[in-house]
There are 2 protein chains.
Amino acid sequence: MPAVSDCIEMLDSETKAVETPEDHAEELRLWLRLLTCTTLIEGEVRGRLRQRFDVTLPRFDLMAQLDKAPDGMTLSDVSKRMMVSNGNVTGLVERLVESGHLDRRTSETDRRVQVIRLTKLGRAEFRRMAAEHETWIADLFADLTPKDVRELMRLLAKTKASAQKSAARRKP
Amino acid sequence: MPAVSDCIEMLDSETKAVETPEDHAEELRLWLRLLTCTTLIEGEVRGRLRQRFDVTLPRFDLMAQLDKAPDGMTLSDVSKRMMVSNGNVTGLVERLVESGHLDRRTSETDRRVQVIRLTKLGRAEFRRMAAEHETWIADLFADLTPKDVRELMRLLAKTKASAQKSAARRKP
DNA sequence: GAAAAACATTTTAGGCTTAAAACAATTTTG
DNA sequence: CAAAATTGTTTTAAGCCTAAAATGTTTTTC
């Protein structure tokens, strides 16, 4: 709630809130801090992936999705999971097929659908990278106690739900 | 610490840890959740900025930095604050100067340095956007209690410090 | 069953982003 | 003071990313 001194001009003749310029500075600061953390970690991971394996982060992320789906995924699935645009996935897949990491085929039952899978090479390379990647993440979060981790997980779950609700409010 | 059952093969003849494939699945899950939250909110803000003001998020972010610095900033300053590459800022500034939102001049005392400022137009437009932007953020975080916000701030501060330490360990 | 709607993907146009190399100016060092 | 190192910016080459329009396919609806 705004401080009294900030509310003087928001009282009209009927003593009801009119235009309430509420203070949301805390939420804004929280958002900036969240963004800073993510950018920091993402940049670090990106650099290490490039240096150690000469691979980009988006390529790694896409392979991570496919590693969890032995039977393959459609491009739409990947697009939703990665929260990126369809066109983005098209290009990413193109390059990964080209380099021999992915296999792409048209679905038997629905000729609109493209199913992609990791190739043997793709899976092997991903597993090798993922093992090291996990140690980087552990190191980046090293100063958090197990309790911190649990608490962050809980609060971020709540944040995600809140944001999804807000996003849904806008586009029904 | 790994569960006993996971440690059988890590004990050598001298009962000392050899290769300890420790379990960091929790940290990994935390990182993915952090990334999901940020991507979700960032996408939402990006879309609203475009729809309401026909402006991109990077442009908005750059203007936000300059709004806090009435005396202007150098490109390097901006690059560090925004945690993006130098070349990125060059292009961004070019377009914002072109559209009349920024003023760019070479420093009097050091001819390497470019100082940029918001123009009157740039400041006015930014303030107008920022006011609305703040309400979006408030809405996206609406389900968090003030206590949640405080707690998240604390844990993210700890996360940031941890990640910075880890990053510094790599490049001394 | 033909028209309309929905769906999956690709294409397009433009902007963002990075790492690395190049360039220019200043500061440090022998 | 001149050579070397550092600093601030731009350029380059390649890839990432988005929104919107276009294309081809399947499902729904009348």
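Read the figures in this text as sums done on the coordinates, not as results from a lab. Source: prediction; values computed, not measured. Positions of Cβ are backbone-derived with ideal geometry, glycine not excepted, and every protein chain shown enters the neighbour counts.
Where chain B is rotated onto chain A, the residue of B whose Cβ comes nearest the axis, and that gap in whole Å, is B:Thr38, 2. Between B:Thr119 and B:Asn86, residue separation times 0.36 nm minus the direct Cα-Cα distance comes to 9.7 nm. For A:Thr90, the distances from its label point to the matching points in the remaining copies are 3.1 nm, ordered from shortest, with each point set 7 Å beyond Cα toward Cβ. For B:Lys80, the lysines whose Cα comes closer than 21 Å to its Cα, not counting residues fewer than 8 places off in the same chain, are B:Lys68, B:Lys158, B:Lys160, B:Lys165, B:Lys171.
Relative contact order for chain A: 16 percent, from Cα pairs under 8 Å spaced at least 6 residues apart, divided by residue count.
In this structure, the amide hydrogen of B:Thr119, modeled 1.01 Å from its nitrogen in the peptide plane, lies closer than 5 angstrom to those of B:Leu102, B:Asp103, counting only residues at least 5 positions away or on a different chain. Comparing B:Thr38, B:Thr109, B:Thr56 in a Gaussian network model of chain B, where Cα atoms under 10 Å apart are tied by springs, the biggest mean-square fluctuation is seen for B:Thr109.
In this assembly of identical copies, the label point of A:Thr39 (Cα plus 7 Å along Cα-to-Cβ) is separated from its counterparts by 1.9 nm, sorted shortest first.
Largest GNM mean-square fluctuation across B:Val55, B:Val84, B:Val115, computed for chain B with C-alpha springs under 10 Å, falls on B:Val84. Comparing mean-square fluctuations of B:Ser99, B:Ser162, B:Ser76 from a GNM of chain B with C-alpha springs under 10 Å, the top value falls on B:Ser162. Across bins of 10 angstrom width beginning at 0, how are the C-alpha pair distances of the stretch A:92-150 distributed, in whole percent? Per 10 Å bin, starting at 0, the Cα pair percentages come out as 20, 29, 23, 19, 9, 0.
Overall, the ratio between the Cα radius of gyration of the stretch A:65-123 and 2.2 N^0.38 Å, rounded to two decimals, is 1.03. A dipole drawn for the stretch B:97-172 from +1 and -1 charges on Cβ atoms has a positive end, and of B:Gly100, B:Ala142, B:Ala163 the residue lying farthest that way is B:Ala163. Counted over the stretch A:24-167 with a bin width of 5 Å, the fraction of Cα pairs per bin, in whole percents, is 2, 8, 14, 18, 17, 15, 12, 8, 4, 1, 0. Taken as Cα centroids, the stretch A:56-121 and the stretch B:47-113 sit 36 Å apart, rounded to the nearest whole angstrom. Summarised in one figure, the compactness ratio Rg/Rh of the protein assembly as shown, Cα atoms and Kirkwood Rh, is 1.02.
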